[in-house]
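Trainee: Questions regarding the structure given below will be posed in turn.
The values are calculated or read from the model by the stated rules, or taken from the named source; none is laboratory data. Please read these numbers as outputs of a predicted model, since none were measured by experiment. Using ideal geometry, Cβ is built from the backbone for each residue, glycine included, and neighbour counts are taken over all protein chains shown. Side chains are part of the model used for accessible areas, which takes the heavy atoms of the whole protein and leaves out ligands, DNA and RNA. Shrake-Rupley method; radii C 1.70, N 1.55, O 1.52, S 1.80 Å.
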Amino acid sequence: MAFIALLLTFGAVLGWFHHQKMSDIFITSTHHLFDRVATDVSGAFYAGYSPVSATVKLLSLSPLMQENDLEGRLQHLPSLVAVLRAQPQVAALSVGYADSEYFIIRNLNSEYLLKRFDAPLGAHYVVDNIERSDGSNAFMRFYYDEALNRIGEKDLGYTNYDPTVRPWYRLAAYTRDVTTTQPYLYYFIGKVGVTAVKQDPASGAVFAADITLESLSQTLQENRVSPSSQMLIYTHDGSVIGSLDPGSIVVDNDPEKLRILQLADLKSPEIRDFIARQKESAGSDFFFDSHGERWLGVTRPVNLVGFTANLMILAPESELLAEAYEITNQSGVITLVIVILALPFALFFANQIARPLKNLAEETRRIQRLDFVSPLTVKSSISDIDSLASAIELMKNTISRFTGLTRTLAEERDFDRLLHEVSLNAMHMSQAEGALVYLIDPEEERLWPACFQTRHGAKTHHAMPSLNLSDQNIAFVQATCQDDLSVIAVTYDSAARCGTHESLLNHVGSERLSTVAMPLKNRQGRRIGLLCLLFQPDEDNSLTAPEERLAFVRALAGLCALSIDSGYRASPRKQAV
């Protein structure tokens, strides 16, 4: 069950991590989207402004700037209409003369404008002309159809309108190039826009083109980030000049009370909460809570010609991360299906691990009870468990042989059989290829081979030579005099120095042997012989012995020495030897 719980926990953590990373990716992408919207707004405005700017510069050099009567000005009507048709963002083209006269043409392209100018049926353009007459400004209005046929006119009497006192006229006087006003409201057409102006230095007249800012709202509509998002473009004084709802930008339907929508007029609780939070926050991007929902709010500067506006975008987090939630849900379902499909395999593999471990635990309890009769039958396809089973089996057999050896040595009275049992058990317990026991004669002059065993049985006719203890050139003699065990490399190359080497190799049937030799000492610490265990070289053909093997041989040699010493003292052969 713990394994299954771990698998389920892993799936849950993986799903949570995947959701967090997907949310971070989508939020980062959203910020990039907001940056792109700001760039698109600026780019769309420049795309509409640039040709108008070039047109204003060219027409400010036309003869229209020097015309001083209506007939002369109407001669330029076709070129002005061509501009209005080619550049729909232009609402009107006008000329303000230095003597306060004024000429303007507007495109009647909406029902509002037709009604606002009381235009006759079929009217497409309206022309207003103000001329000085008897010291006053006479105001005339003319209507034209699409083919520029005059279809109506009105005498509007006298007016006190003076273009030379208008901000756009005065702005043109300060620069020699085309310049642009701040956004303001066109009262006649009920729209917000800017005016591009250029003065003719010779006459002092100013050519002007009114550019509506409808492209800003259109760009916002084309780049709406989510269904419930709110997007505004506003100036430094809080005037809203772009919105997802362009009709709300101009407040009040009364022509005499029209004004631009202000941020303070907005009733949206999300916008109000964002503005309030923005005053407290140092950053321009942050999450905030509004009416129980979490929103992301950002502001971006938008560089427009002649002024800089601000883009505000508010969007609910649930909509921004809707795709992330969908992907997370899909990933969760996939993860759940994988976990469900993996459960049978998990249970199978868990059983493959747990069942052998339970059997091994039961086997260790048998060893604890000194029960060595039952064979170890644990087999596993998992190599580590199989290795553990082999190690426990070896430990069990070793302990069993130790106890058996102890019992045998305690009961055995025949010294030869005692030596046979000692060497045989030492060979099996250490998994050696053979065991050789040297004993020191009573005169302590020579080492004589008392017993020799291989896996093929006892070698009674081994022809092992006895060794002179005074000959320190012999490795086995040197090992007898050591306090600790020694590892002796036995090869045919070393057989010339000691005949024992060749005999060992011949009996074992190998060209190389690694011999671990341990001096045997009695209870008084006196040397009584040498225990030699023969091993085949390791897989890397090394004749050295691993540390765990050496430690085992040390313990085994101590037991063998005590057993041999006790048996030797009690044996009748002691006197014979």
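Trainee: Inside segment 144-218, counting only strands (runs of 3 or more DSSP E) that do not spill past its ends, which hold 1 or more residues that are in contact (Cβ under 8 Å) with a residue 12 or more places away in the chain, within 23 Å of Gln75 (Cβ to Cβ) and open to solvent by 80 Å² or more (accessible area, probe 1.4 Å)?
Mentor: Values: elements: 150-159, 184-186, 191-199, 206-212.
Once the strands (runs of 3 or more DSSP E) in segment 144-218 are filtered for at least 1 residues that are in contact (Cβ under 8 Å) with a residue 12 or more places away in the chain, within 23 Å of Gln75 (Cβ to Cβ) and open to solvent by 80 Å² or more (accessible area, probe 1.4 Å), what remains is 150-159.
Trainee: Which one is modelled with the highest pLDDT, of the residues in segment 302-346 that are of a type in the set (Gly, Ala, Ser) and farther than 20 Å from His32 by Cα?
Mentor: Narrowing segment 302-346 to residues of a type in the set (Gly, Ala, Ser): 306, 309, 315, 318, 322, 324, 331-332, 342, 346.
The next check asks that each one be farther than 20 Å from His32 by Cα; those that pass are 306, 331-332, 342, 346.
Numbers: Gly306: 79, Ser331: 72, Gly332: 72, Ala342: 74, Ala346: 71.
My answer is Gly306.
Trainee: Among (1) polar (S, T, N, Q); (2) at pLDDT below 70; (3) open to solvent by less than 70 Å² (accessible area, probe 1.4 Å), where does Gln575 come up short?
Mentor: For Gln575, the failing item is (3).
Trainee: Just wondering, is there one or more residues in segment 53-66 that are in contact with a helix residue (DSSP H, G or I) (Cβ under 7 Å, 6 or more places away or on another chain), open to solvent by less than 10 Å² (accessible area, probe 1.4 Å) and either closer than 25 Å to Arg141 by Cα or of a type in the set (Lys, Arg) (or both)? Don't jump to the end; show me each part of the working.
Mentor: Here is the first cut: in segment 53-66, the ones in contact with a helix residue (DSSP H, G or I) (Cβ under 7 Å, 6 or more places away or on another chain) are 55, 64.
From the residues that got through so far, the ones that are open to solvent by less than 10 Å² (accessible area, probe 1.4 Å) too are 64.
When the remaining residues are screened for being either closer than 25 Å to Arg141 by Cα or of a type in the set (Lys, Arg) (or both), the result is 64.
The answer is yes; a qualifying residue exists.
Trainee: Could you count how many residues in segment 78-113 are among the hydrophobic types (A, V, I, L, M, F, W, C), buried (at least 18 other Cβ atoms within 10 Å of the Cβ) and not in a strand (DSSP E or B)?
Mentor: Taking segment 78-113 first, the residues among the hydrophobic types (A, V, I, L, M, F, W, C) are 80-84, 86, 90-93, 95, 98, 103-105, 108, 113.
Cutting the leftovers down to buried (at least 18 other Cβ atoms within 10 Å of the Cβ) gives us 80-81, 83-84, 90-93, 95, 103-105, 108, 113.
Filter once more, so that each one left must be not in a strand (DSSP E or B): 80-81, 83-84, 108, 113.
Matching residues across segment 78-113 total 6.
Trainee: Any chance segment 42-52 includes a residue that's farther than 24 Å from Gly193 by Cα and open to solvent by less than 20 Å² (accessible area, probe 1.4 Å)?
Mentor: Our first condition is that a residue be farther than 24 Å from Gly193 by Cα; within segment 42-52, this holds for none.
Within segment 42-52 (the criterion being farther than 24 Å from Gly193 by Cα and open to solvent by less than 20 Å² (accessible area, probe 1.4 Å)), the answer is no, since none of the residues qualifies.
Trainee: Just name the residue that is surrounded by the most Cβ atoms within 10 Å (Cβ to Cβ) out of those in segment 286-321 that are assigned to a helix (DSSP H, G or I) and either in contact with a Phe, Trp or Tyr (Cβ under 7 Å, 6 or more places away or on another chain) or free of Cβ contacts under 8 Å to residues at least 12 places away in the same chain (or both).
Mentor: Going residue by residue through segment 286-321, those that are assigned to a helix (DSSP H, G or I) are 317-320.
Those left that are additionally either in contact with a Phe, Trp or Tyr (Cβ under 7 Å, 6 or more places away or on another chain) or free of Cβ contacts under 8 Å to residues at least 12 places away in the same chain (or both): 317, 320.
On the way: Glu317: 19, Leu320: 21.
Checking each candidate, the answer is Leu320.
Trainee: Could you please give the count of residues in segment 256-276 that are open to solvent by 90 Å² or more (accessible area, probe 1.4 Å) and either in a strand (DSSP E or B) or at pLDDT 85 or above (or both)?
Mentor: Of the residues in segment 256-276, the ones open to solvent by 90 Å² or more (accessible area, probe 1.4 Å) are 256-257, 259, 267, 272.
Keeping just the survivors that are either in a strand (DSSP E or B) or at pLDDT 85 or above (or both) gives 259, 267, 272.
Selection size over segment 256-276: 3.
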